[in-house]
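See below for the structure under consideration.
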Amino acid sequence: MPLDHLSLPVSSVSASRDFYLKALAPLGYSLFREIRTEGADPSSAPTVVGLKVGYSPDFWLQPGTPNGAHVAFSAKSREQVDQFYKAAIEAGAKDNGAPGIRAQYHKGYYGAFVLDPDGYNVECVYHDMKAMFWAWLGY
C-alpha cells in the first residue's frame, strides 16, 4: 500500500511552511491548507500546514520537537532534482549532498540532500529506470 501522507514535527510551522513552499515548488508542491487551533487569533501563526501536489495533501507540518527524520521526495528527472536543490539552498537550507549519482544505492539513483531549518535530512531523488534495468542485467 502506498504512503498516504507524512506529518513532521517542526519548531516553527511558519518558518517551515515558507521553506518547504520554496524548496518543493520545483516538484509541483503548493499550499493546501493552514489550520489554526479553534479560537485562536486569526492573525496568529498556523498550527498545522498541509502541502500538496495536485489535489491530495501528502505533506504536513505541525508544531513539535524535531526528531531527526529523513524525508525523500520523488522527482521526475535529474533536472527536477537540480531545481529542488537550488531552490532549497536559496530558501536557507544547508547542503548535505549536492546533486549527483549515488551508485552505492543503485546505478540509476540521482539524488540531492539538504538540511531544513530543523535539521531534517531532506532528499530529492530520481530513479533512472533505464540505468537500473541495464545494471540488473549486469551491464
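In region 19-120, which strands (runs of 3 or more DSSP E) lie fully inside it and hold 2 or more residues that are touching a Phe, Trp or Tyr at 6+ places or on another chain (Cβ under 9 Å) and over 25 Å from Pro2 (Cβ atoms)?
94-101
Do you know which of the residues in region 106-139 that are touching a Gly at 6+ places or on another chain (Cβ under 6 Å) and buried (at least 17 other Cβ atoms within 10 Å of the Cβ) is modelled with the lowest pLDDT?
Filtering region 106-139 for residues that are touching a Gly at 6+ places or on another chain (Cβ under 6 Å) and buried (at least 17 other Cβ atoms within 10 Å of the Cβ), the one modelled with the lowest pLDDT comes out as Ala131.
Just give me the residues in region 71-100 being surrounded by fewer than 13 Cβ atoms within 10 Å (Cβ to Cβ) and closer than 13 Å to Asp118 by Cα, in sequence order.
Lys94
So Gly68 fits all but one of (1) in contact with a Lys or Arg (Cβ under 9 Å, 6 or more places away or on another chain); (2) exposed (fewer than 14 other Cβ atoms within 10 Å of the Cβ); (3) at positive phi; (4) of a type outside the set (A, V, I, L, M); what number is the exception?
(1)
The values are calculated or read from the model by the stated rules, or taken from the named source; none is laboratory data. Quick caveat: nothing in here was measured; it's all calculated off a predicted structure. In this analysis, Cβ positions are derived from the backbone assuming ideal geometry, glycine residues included, and neighbour counts consider all displayed protein chains.
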